[in-house]
1. Round to the nearest 10 and give me the degree value, 0 to 90, for the angle of helix 3-25's Cα axis relative to the longest principal axis of the chain.
2. Under the definition of Cα pairs under 8 Å and six or more residues apart, what whole-number percent is the relative contact order of the chain?
3. If we count other beta carbons within 10 Å of each Cβ, what is the order of D191, D124, fewest first?
4. Report the Cα-based extents of segment 97-231 along its three principal axes, largest first, to the nearest Å.
5. Which of E135, E186, E103 moves the most in a Gaussian network model of the chain with Cα springs under 10 Å?
6. How do I74, I163, I35 line up, fewest other C-beta atoms within 10 Å first?
7. Expressed as an acute angle from 0 to 90° and rounded to the nearest 10, what is the orientation of the C-alpha long axis of helix 51-71 relative to the principal long axis of the chain?
8. Using the count of nearby Cβ atoms within 10 Å as a rough guide to exposure, how do M120, M165 rank from fewest to most?
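Each value in this text was obtained by applying a stated rule to the coordinates, not by laboratory testing. Predicted model, so just to flag it, every value in this text is computed and none were measured. Virtual Cβ from ideal backbone geometry, glycine too; neighbours counted across all protein chains shown.
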Amino acid sequence: MNFENFLKPRRKKQEKDQNRIDDIKSKPIPKHICIIMDGNGRWAEKRGLPRSAGHRQGVEAIRDIIKITSELGIKYLTLYAFSTENWKRPKKEVETIMDLLVEYLNRELDNLHKNNVKIMTIGDISLLPRKVYEEIEKAVNKTRYNTGVQVNIAINYGARSEIVMAVKEIARKVASKELNLEEIDEKLISDHLYTGGIPDPDLLIRTGGDWRISNFLLYQIAYTELWFSDATLYWPDFSINNYFDAISDFQNRQRRYGGIETRKDG
Ligand code: IPE
Ligand code: IPE
Ligand code: MG
């Protein structure tokens, strides 16, 4: 086979990807996408592998998604990596997930930084193992002035505990007279969440086939469009084509926000 023939399929794929990117970019694009990256365990079990292999493969799937998010000019991407309820899992599995997070940040940080990605976390990181906490701090600090896509990693995140935290903080301010009761409104509550200052998600994607929210961004998704994959699509297999499908689907929906006019904006 000559070199030209060898490169042909790759060029074809690049062309196809570029066409889809151009198509999406010709329509209003979402400002904020959030993803429940579910199905790592089942992906592995289906192959007779330990669940840890699924988590490892799941981490690999993240790279392309960040790259495409950035190419599309989407400003915010929030990834659900570990919930407040995931501590219920066997100690060994929790350790594997934590180790993979450290490994991921360590390995990818330079590349993310080079690509102008800003790393943030949402969730209570103070309760994480020391090495995870330190690795996160390092990534957040290094990328803090980057102006490209902001990737929020939800880790030890739970929407209900986030709301409890916000309520306590607001109550404390009222008690100390820093705030009046009348000043409490939807925006003030929003501003006291981990996602304060970040626009609400336009699109929520969940892989793995379950149609539920699992304590993710409850306050923020009031008018978010939801996209659930079919049951055979586990996170490690989520490809950029699946991502394009979800975004295109979003672009064809009418967002009414309780009104009656047709709106297709992000
Ligand atoms: C998502 O995959 C990753 C985390 C929750 C950390 P799961 O580990 O939940 O995989 P399934 O849903 O059991 O297949
Ligand atoms: C949601 O998945 C949390 C993450 C993807 C990090 P889970 O696997 O924990 O959700 P449930 O238990 O199926 O609701
Ligand atoms: Mg799961």
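1. That helix lies at roughly 30 degrees to the long axis.
2. Rounded, it is 26 percent for the chain.
3. Details: D191 13, D124 16.
By the 10 Å Cβ count, ascending, the order reads D191, D124.
4. 48, 37, 29
5. E186
6. On the way: I74 21, I163 15, I35 26.
Ranked by crowding around the Cβ, least crowded first: I163, I74, I35.
7. So the helix axis and the longest Cα principal axis differ by about 90 degrees.
8. Numbers: M120 19, M165 15.
In order of increasing Cβ crowding within 10 Å: M165, M120.
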